[in-house]
1. So in the chain, which Cys have no other cysteine's beta-carbon sitting under 4.7 angstrom from theirs?
2. Out of residues 5 or more away from T342 or on other chains, whose amide H comes under 5 Å of its own, with H placed 1.01 Å from N in the peptide plane?
3. Tell me, Kirkwood radius of the range 271-321 from alpha-carbon pair distances, in Å?
4. Roughly to the nearest percent, how much of the accessible area of the range 122-274 is carbon and sulfur, given a 1.4 Å probe?
5. Under 5 Å between amide H atoms, partner at least 5 residues away or on a different chain: which partners does V451 have, H built in plane at 1.01 Å?
6. Would you tally the net charge around D384, using a Cβ to Cβ cut-off of less than 13 Å, leaving D384 out, and scoring K and R as +1, D and E as -1?
7. Could you calculate the FRET efficiency of V46 with L122 from 1/(1 + (r/R0)^6), where r is the beta carbon distance between them and R0 is 25 Å, rounded to 0.05?
8. Quick check on the chain: helices-only [θ] at 222 nm, where DSSP H runs of length 4 and up contribute -39,500 (n - 2.57) each and the sum goes over total residues. Nearest 500, please.
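The values are calculated or read from the model by the stated rules, or taken from the named source; none is laboratory data. All figures in this text were calculated on a predicted structure; none of them were measured in a lab. Cβ atoms come from the backbone with ideal geometry, glycine included; neighbour counts cover every protein chain shown. Heads up: the accessible areas ignore ligands, DNA and RNA and are worked out on the full protein's heavy atoms, side chains in. Shrake-Rupley method; radii C 1.70, N 1.55, O 1.52, S 1.80 Å.
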Amino acid sequence: MDESAYAADEPPEVRAERDPVAVAVGNASLLGVGYLLMGRRGLFLVSGTVTVALVWTVVSVAETWCEAVLLAWWLLVIAHGWLLARGEQLRLRLEQQDPAARAQLHPALPGPQGPARLGQWLRALAVTVPVLLVVGLLRFDAHAIEDRVTEARESGDCVGVVTAQEDVWFGHRLVGAPQAARGDMAVEACGRLDEARAELSAGLLDADVEALGAGYAMLSALLKEPGNDKTVETALDDFLGGLPTDDPCETVRITDWLRAREHGNDVLDRSSATADRTAPAALLGCGDDLLSEQQWTQARSRYRQLLDEHPDDTRTKQARSGLRKVTLGIQLDHVRELVHDTKSNATGGYCAAPAKYSGAPAYRKGANRALFLGDDEYPEKLPDRWKAQIPDEAALIVCVGTASFGTAVETCPYRDSDSGGPTRNVTFHKIRVPVKAYEVRTGKLVADRSVQIGGTSCPYFLTYYGVAPSAEYVEPSASDVRNAFSSIVNR
């Protein structure tokens, strides 16, 4: 439409009453009210479309530059409305052929006066003031919410961040999109922080180093984004506060991982200091637990780690004591295995490869308890106070070989009672038993000889099968056996 053309039902003097300031105020609502006051419906639709597009852009992009563009557009439509209304006033004066008006064409040209001007102002203000008031209040509230989010974030309180951001609604996003978006980003960061916390909790629960790695990777990524320092620090403090765990060996796996992780010159590096403080007690506790479970190799590894990595710690004395116990445990297990593998004829096993057990009772003067291996026919007649049932209790391990004829004691004639045949002489011998005695504490051979067991000979009846033997063993008593082995057991 030609801007100089008037509506058929609107006389020029009515159009001349449109005040430029009222039009500008109407356009300040960004609703195109000023254009409606001028009857410019086309401009009203165009400005409304542009405004909607810009507002949508601000809401969707949520960047400050979008708000700057919208502000520029707001100033543009205000200025355009004022200039358009002002120009229209000039044209109306010219069309009315008013010499005075033509003579006074300058910026101070007066507008409509009285009731007409007041009506235009009231219509413009009726729309613009509520709009600007609502926008101002919502923006003020959006900034207040953002301040609460920031305050909670800077204090490491993710619950406070989420609670504050829950007050944001569509109105805030419409007029304060960047502020609302920053709050959304803070909430999203807290969500990722919760995931990191879950990974770290799993790492604490099961000493899962993969979960620890995932949790620390999330924390590291959050630290690279501005504003997350305090919330990450709080999450880290909560995790480190869970050390030590109830299981010292799991604590050791965690502290080992923390000490080995690569430093990033950030707050996460505090983990190493916590690990250094926690590790000594955990290493000692883990070594003691493994020691009680007779896991000698693993226990030794933990004790040595404590001594190597924390040589100045007050627990080093206990660690050395634990290492001695580990050594004794390994020796004892080896001796037990050798004893178990010894054959009934005192060959193989311990009798072939004696080993020491430094925790064994001392081999001292007087009677020493001995563990007898091999032929147990005669050792079983020894006093219980001389015999040990397990290597732990023995000062000696005595390998008893197969018995053979010893010194001849007496020869007696015997006749077969059934046949009444010739007389046969039977010689009775002491029982010669080869023995080797080893000191358990050192594994050294302390005796290697044969003992001869005496006993009664020439019984009235001699029982045999087949041909009468020419040699027989004496019949030893318990005291005979004891006397024979006394030189072995007693030092």
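1. Cysteines of the chain left without a disulfide-compatible partner: C66.
2. Those lying under 5 Å, H to H, from T342 are Y350.
3. Kirkwood radius, the range 271-321: 10.8 Å.
4. Whole-percent figure for carbon plus sulfur exposure: 59.
5. V433, V435
6. Net of charged neighbours comes to +3.
7. So, using R0 = 25 Å, E works out to roughly 0.45.
8. So the calculated ellipticity at 222 nm is -18500 deg cm²/dmol.
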